[in-house]
Structures are given as structure tokens and as C-alpha cells.
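Note sheet for the following structure.
What follows draws every value from the coordinates through simple rules; no lab data is involved. These figures come from a predicted structure and were not determined experimentally. Reconstructed Cβ throughout: ideal geometry from the backbone, glycine too, with neighbour counts over all protein chains shown.
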Amino acid sequence: MTPGQRSAPDPVEEQLLAAAEQGRICALAAKGQRDLQQCAAAYPDLFPARPFDPALFGNVAMAIAFGAPWCDEDQLRVTNRAVLWGFAVDWQVDYVAKSSDEIDRLAARCLAVADGGVPEPDDSLGRFLAELRDELATAPAFAAHRAVWRGELGKVLDAMAREWGWKQAADGATGALPDLDTYLDNADNLACTVVNVVHWIHAGDPATLAHLDRLIEASGVVQRILRLVNDLGTYERDLRWGDLNALLLVPDRDEVPRRIAELVAQARELLAPLRETCPVQADYLARQIGFSSGFYKSTDFWGAL
């Protein structure tokens, strides 16, 4: 080998290093899964075994670990729990609530907790949210950005209530189903951006917080992508469960992958400048798209009913 010439990479060593890193991330997910199972055990009325099977907790922890593999277990705990709370409120709104008044009361209770209220002893959803709020409040950035979290939480609750109304229309009640644009405007029902806000506030990185508005804007586009990727992967389940799905709202099924491609291009434009100011969080958003695109090709988060 001549001076200055680099030796060829050792393929065995490359595979060892790659597998070791993947193993480390899987261990991070395993620790997260155990914590989520403990959370669920504390609120058995929120997390019935069907559809909250062990794989759901593992899937959530795995998605978060692969989305932010540079974090440790403590850094991801509140993010994991925020996702789990999102699944809990989704279940309560979509399958437990029987009327719009009931959903309105649920939303009011949750917002009161977000504002610092004490939930009633029988309000498991509110008590779990209070735990999440109190852990998030230990972050130095929480006081300055609490209103941002509360605002995103309100969007989630509004979006879930709106979708509940659309489902009543699909079941034959008065009203009309949304078109694809309106459906995507309601993508906060996925509760992706509110989880990202929790993650960013808890991390407390100055560069991240300085560009929080732009990160939230990019997250909104990522959230729409995940909404559609989810729908492509869960169409058959959504039919069985009576859920809305983007494929039910378009005359041509190819419109959904076309819209995903458009949104990915938009996300690239928004993430490009963020790579200069807060590259770690730009990568975090990009990895959410990549992980979900692979995950939903063969499975789903929810267990069987």
C-alpha cells in the first residue's frame, strides 16, 4: 500500500459495527417497552389487553428509539409515555365514547389538567396526563414553552373529535365525509406533533428551542405523511374496525402515494435549512418518515380487538 492510500474497509468489521449499533438501539427500545408496560399496568381501564397487546408497547418504544437513537433511556421515557397517552386518548374517543358531549367533556378535563388542574380520582386519562405533565415540568424549558405544548394538545383533541363526527357520517348519520385535503388538515389526530413538542421541550436544547416554530411547521408536514403512510398500511384493519382511511376518500387509490411524494418533497424543503440550525432534530423528523415507511409495509401498532 502506497503512502496516503487507505486500506479497503473490512466488510466483516463493518457488519459487526452496524449490528452492534442496531443491537444498542433495540436494547433502548426494550427498556422503553418495559416502562410502557408498567405505565399501562397502573391504568388497566385505559389499556385493555385487546388491542393493547405487548407488541403495541414494543412497537411504540421501537419507533421512538429508532427515531432518536442518540438519546438514552431517561431522555426517551417522557417521549414514549406521550405516545402511549396518545394511544389511550385515541382509544377513548374512537371506541369508548358514545356521544359528542362525552368527547367534549373528555377534552375539557384533559385541557384542565394541562393547565395545572388536579384530575378526579376516577379520571384515569387525566391522571396519566397529569403524570406526563409533571415529568415534563421538570424540564427547565417547560415554563417558557408550556403554552406551545398545551396548544398542540388542544389541536389533537379537536382533531380526534372532528374525526369522530366524520365516522358518524360514514355510519349513515347526517353530515358528509371530508375530501383528502380536509382529511389531511386534520392530521393532528395522529398526535405526532404534540409528541415531538414534548420531546423537544424535554431535551431543552437551545438551538432546538430557538427554532421551535419552524420545527413544528416541518413536523406538521411529516405528520401528514405519516397519516397517509399509516392509511396505506392499515386499510384492511380500518375497514374491519370502521375507521376512516384516506383510500376511502379518493376516486383513484394512486392519489394517496402521489400525495405522499408531494409531501415528502415539501418536507425536504422545510428540513434543508433546519439542518443548518438544528441538524439533530431535522434528522429526527426525517427518521420518523423513514421508520414509518418501512414499518407499515408489513405490520401495525395496534393489536387485535
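Just a few scattered comments:
- The fraction of Cα-Cα pairs per 10 angstrom bin, counted from 0 for the stretch 130-279, comes to 10, 35, 31, 19, 5, 0 percent, rounded to whole percents.
- Residues E131, E13 in ascending order of nearby Cβ atoms (within 10 Å, fewest first): E13, E131.
- Reachable lysines from K98, criterion Cα separation under 25 angstrom, eight or more residues apart if same chain: K155, K167
- The loop-placed trypsin sites (Lys or Arg not before Pro) in the stretch 90-123, going by DSSP, that have at most 10 neighbouring Cβ atoms within 10 Å of their Cβ come out as K98.
- Virtual spin-label span in nm between A272 and Y43, 7 Å along Cα→Cβ: 4.1 nm
- Ranked for footprinting exposure by Cβ neighbours inside 10 Å, fewest first, T299, T277 give T299, T277.
- Total charge dipole magnitude, the chain, about the Cα centre, Cβ charges on Lys, Arg, Asp, Glu only, Debye to nearest 20: 320 debye
- R0 of 22 Å, Cβ-Cβ distance T182-L305: FRET efficiency to nearest 0.05: 0.20
- In plain terms, the residue of D101, D231, D283 with the fewest other Cβ atoms within 10 Å comes first and the most crowded comes last, giving D101, D283, D231.
- Projecting the alpha carbon convex hull of the chain along each direction and taking the average yields 18.6 nm².
- Both radii come from the Cα set of the stretch 231-272: Rg as radius of gyration, Rh as Kirkwood radius; their ratio Rg/Rh reads 1.11.
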